[in-house]
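The values are calculated or read from the model by the stated rules, or taken from the named source; none is laboratory data. Remember, predicted model here, so these are calculated numbers, not experimental data. The accessibility values were calculated without ligands, DNA or RNA, using every heavy atom of the protein model including side chains. Shrake-Rupley method; radii C 1.70, N 1.55, O 1.52, S 1.80 Å.
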Amino acid sequence: MRALRIPRLSSLAAIALLALVPTLFASAAETDISDVPMAVKNNVPPNFMYMVDNSGSMNNILPEAPYSASTTYWTCPSDKVATGGFSNPAVPSNTSYDLWFENSKARFSADGGRTNYTFGTDENQRCFEPNSYYRFRLYADSHCGRGCKAPGNYGGTVYSGNYLNWY
């Protein structure tokens, strides 16, 4: 008895036909298409929180001009350099400056506000060594008496002297 041989092409066609048989019985469900966007039609209440920050750091003003680390903003004379700078930002010194604004002018002090300086190189002004780092605490909302200001519970942040001279 001789075996029946089915050509290879016919086998592939039969397999393809069997794979398509289930799709013959599939039908699309009827769908309503709305004229109203889902965002408008949604009945879920909004999940929105409105917060107002009135902490002491909101008293600080940010300068409008952008800072560029590649620009040296001041060449500080040696007799005007603020003390307490350090070379490694990961190992800060014990000196910490307090920073606040008074009459739209930035002021800082290293002794709790008893000796106040503004930024610059004139009388009663100080500037910072551009390649050194300094620890500063921003003015919060507490006062230390006798007209001086204190940073409250804010910790010190390390800034480069070049950034402080720009500020």
Q.
For the range 94-109, give me each residue that is open to solvent by 50 Å² or more (accessible area, probe 1.4 Å) and either in a loop (DSSP other than H, G, I, E, B) or at pLDDT 80 or above (or both).
A. ASN94, ASN103, SER104, ARG107
Q) Of the residues in the range 131-161, how many are under 20 Å from the mean Cα position of the chain (by Cα) and modelled with pLDDT of 80 or more? A) 5
Q. So which residues in the range 53-85 are open to solvent by 100 Å² or more (accessible area, probe 1.4 Å), at pLDDT 75 or above and under 18 Å from the mean Cα position of the chain (by Cα), if there are any at all?
A. PRO66
Q: Scan the range 32-52 and give yes if some residue there is closer than 30 Å to SER109 by Cα and modelled with pLDDT of 75 or more, otherwise no.
A: yes
Q | Hits in the range 110-126 (condition: open to solvent by less than 50 Å² (accessible area, probe 1.4 Å) and in a strand (DSSP E or B)) | A | TYR117, THR118, PHE119, GLN125
